[in-house]
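The values are calculated or read from the model by the stated rules, or taken from the named source; none is laboratory data. On a predicted model such as this, the values are computed, not experimentally measured, just so you know. Every residue, glycine among them, receives a Cβ derived from its backbone with ideal geometry; neighbour counts consider all protein chains shown.
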Amino acid sequence: MNIHSKNINLEELVAKDNAHHFHPFTDHKQFHADGGARIMTHAEGPWIWDGNGNKMFDAMAGLWCVNIGYGRKELAEAAYRQMQDLPYYNTFFQTSTVPATELADKISSLMPDRFNHIFFVNSGSEANDTVVRLIRQYWALKGQPDRQVFIARHRAYHGSTIASLSLGGMDSMHAQGGAMLPGVEHVIEPDWFQLGGDLTPEEFGLKAAQAVEDRILAVGADKVAAFIGEPIQGAGGVIIPPVTYWPEVQRICKKYGILLVADEVICGFGRTGNWWGFETMGIEPDVVPMAKGMSSGYLPIGAVAVSDKITEVVFDKGGEFYHGYTYSGHPASCAVALENIRIIEDEKLVEKAADMAPYLHEKMSELNDHPIVGEVRTKGFIGAVELVSDKKNRVRFDDLGRVGGICRNHCLAHNLIMRACWDTMVFSPPLCISRAEIDAFAGLTRAALDATYADVKNEVA
Ligand SMILES: Cc1ncc(COP(=O)(O)O)c(C=O)c1O
């Protein structure tokens, strides 16, 4: 245990937090009424402790990011060493640092041959802002400046800055704060469970892909710059597309000469049982934003991997690319990311996750017998449990999100951290968990579902 967490004055901290901390993605009125923040103090593997001493199973790996699990001292030591040598220097104006250069080389080596250049950022949002700026510049240099439109999906999450939020398809986010970036077109998400109706998943996958082509034709193919998608939509409710979807989207993008962007912020670094979600989905993107699992969240860092097709144009014809962040390629973050990747490789965590994935699927699928579970789906180490009032007909409870909220609270009461995306309970545990920990996770989930059922029994068909 971290010595600093032993002597905290919890009451005082919560009061300070209520008084001064403006939290992201939080309804503050509700939050203060509920008593304020649960203050986390320390963690080990997939387990995290709060200030009251509760030991919780973190089935979300933080925010889909702590892929190697908590408590790896090697990462702290890597940051410590680097901060003593060189705590900061930038990568602008023809300079670099040892870890930034090594990390660019490393990430490039983990990707298909055509990805030879890595642009560093500090978050997934910044990665997607970079994607927009880079792709616009690419098309302008190619002499096709009218190719400005990005096609994205409803319920996509690409971040919270204006450009990444505009690419995202979250209605509630778009409803706040006025104008979005112009030129983003949203099409149907490949969510068979919710939208598939009487179609088979395969038929629905083709229908959802057809929506991409229809929109390209409606906008005019010569105006479309790129299609962007998460291989598996995370915050939208872990939408695992039917097998027919991605190959068809890929075919359509190729047909019209449109760039394909795979947002690997969640799916990258082993989450789906391969290094990259695009491998799992069998697609060949041109641009790959990434973050989260890159450092397992130990320090903030992200990147955009750019294929040769784009760098050949941008480097050759573009002159200076006026884009970058003070902390692009921050040396401590890069050192931590390198150590994180070393651990993933040396401990074969991607292979282990792939080997363990069927067991995670099997244990979680046992919940399919539960009266309020409409579907359990997993891919690698990411998955979802759909809550429904009528299992047979895939009917949701009234007031979407209400029962998900109840379930999330019961999870917390059972020392389980799961997130509710409306009425879809989602999970993405660290890749290092054991069979016994999967058993514990499935058991806690069932207990939370039972408690939820007890609350909503009278609404169930
Ligand atoms: C797929 C995806 N892209 C981008 C982001 C934004 O990343 P960040 O929160 O680091 O800005 C997220 C965050 O959850 C994400 O899930």
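Residues that are part of a helix (DSSP H, G or I), over 15 Å from GLY270 (Cβ atoms) and either in contact with a Gly (Cβ under 7 Å, 6 or more places away or on another chain) or without any contact (Cβ under 8 Å) to a residue 12 or more places away in the chain (or both): does segment 336-359 have at least one? Looking through segment 336-359, at least one residue is part of a helix (DSSP H, G or I), over 15 Å from GLY270 (Cβ atoms) and either in contact with a Gly (Cβ under 7 Å, 6 or more places away or on another chain) or without any contact (Cβ under 8 Å) to a residue 12 or more places away in the chain (or both).
Scanning segment 280-318 for residues being of a type in the set (A, V, I, L, M, F, W, C) and under 12 Å from ALA127 (Cα atoms) gives a total of 9. Here ALA305 clears all of (1) away from the ligand (no atom under 13 Å from the Cβ); (2) surrounded by fewer than 24 Cβ atoms within 10 Å (Cβ to Cβ); (3) not in a helix (DSSP H, G or I) except the condition numbered (2).
Conditions (1) in contact with a strand residue (DSSP E or B) (Cβ under 8 Å, 6 or more places away or on another chain); (2) closer than 26 Å to PHE25 by Cα; (3) among the β-branched types (Val, Ile, Thr); (4) surrounded by fewer than 22 Cβ atoms within 10 Å (Cβ to Cβ), marked per residue:
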| residue | (1), (2), (3), (4) |
| --- | --- |
| ASN409 | no, yes, no, yes |
| MET425 | yes, yes, no, no |
| ILE433 | yes, no, yes, no |
| GLU437 | yes, no, no, yes |
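Among the residues making up segment 265-294, a single one is under 23 Å from ALA79 (Cβ atoms) and in contact with a Ser or Thr (Cβ under 6 Å, 6 or more places away or on another chain): ALA291.
Applying the condition of being in a loop (DSSP other than H, G, I, E, B) and over 15 Å from ILE382 (Cβ atoms) to segment 274-295 and asking which residue is nearest to the ligand (Cβ to nearest atom) yields ALA291.
Matching residues to (1) among the basic types (Lys, Arg); (2) more than 22 Å from the chain's Cα centre (by Cα); (3) not assigned by TED's automatic domain parsing to the domain that holds CYS432:
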| position | (1), (2), (3) |
| --- | --- |
| HIS361 | no, no, no |
| LEU367 | no, yes, no |
| PRO371 | no, yes, no |
| PHE381 | no, no, no |
| VAL385 | no, no, no |
| ARG402 | yes, yes, no |
| ILE406 | no, yes, no |
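Scanning segment 156-168 for residues that are surrounded by fewer than 22 Cβ atoms within 10 Å (Cβ to Cβ) and more than 9 Å from the ligand (Cβ to nearest atom) gives ILE162, ALA163. If I filter segment 314-336 down to residues being more than 17 Å from VAL288 (Cα to Cα) and aliphatic (A, V, I, L, M), which single residue comes out as surrounded by the fewest Cβ atoms within 10 Å (Cβ to Cβ)? Looking at the filtered set, the residue picked out is ALA332.
Among residues of segment 446-461 that are under 21 Å from LEU412 (Cβ atoms), none has a Cβ under 9 angstrom from a residue that is assigned to a helix (DSSP H, G or I) and among the aromatic types (Phe, Trp, Tyr) at a sequence gap of 6+ or on a separate chain.
Annotation note: of GLY282, GLY297, GLY293, GLY302, the sole residue that is within 25 Å of VAL426 (Cα to Cα) and either touching a strand residue (DSSP E or B) at 6+ places or on another chain (Cβ under 7 Å) or polar (S, T, N, Q) (or both) is GLY302. With respect to LYS255, is the statement that it is more than 30 Å from GLU74 (Cα to Cα) and either of a type in the set (Phe, Trp, Tyr) or at pLDDT 95 or above (or both) true? Judged against the criteria, LYS255 is a match. Could you check, for segment 37-59, whether at least one of its residues is in a helix (DSSP H, G or I) and either at pLDDT 95 or above or more than 22 Å from the chain's Cα centre (by Cα) (or both)? Among the residues of segment 37-59, not one is in a helix (DSSP H, G or I) and either at pLDDT 95 or above or more than 22 Å from the chain's Cα centre (by Cα) (or both), which makes the answer no.
Figure legend. Inter-residue proximity from segment 122-144: first residues in contact (Cβ under 8 Å) with a residue 40 or more places away in the chain and closer than 13 Å to ASP316 by Cα, second residues among the β-branched types (Val, Ile, Thr) and part of a helix (DSSP H, G or I), beta-carbon distance below 8 Å, spacing 6+ or different chains. Indicated pairs: GLN137/VAL314; TYR138/ILE310; TYR138/VAL313; TYR138/VAL314; LEU141/VAL313; LEU141/VAL314; LYS142/VAL313.
For the residues GLU213, GLU185, the requirement of being in a helix (DSSP H, G or I) and either surrounded by fewer than 20 Cβ atoms within 10 Å (Cβ to Cβ) or of a type in the set (Asp, Glu) (or both) singles out GLU213. Considering the conditions (1) hydrophobic (A, V, I, L, M, F, W, C); (2) modelled with pLDDT under 95; (3) in a helix (DSSP H, G or I), ALA461 is excluded by exactly one of them, (3).
None of ILE266, ILE258, ILE343, ILE310 is within 20 Å of the chain's Cα centre (by Cα) and either assigned by TED's automatic domain parsing to the domain that holds GLN144 or among the β-branched types (Val, Ile, Thr) (or both) except ILE266.
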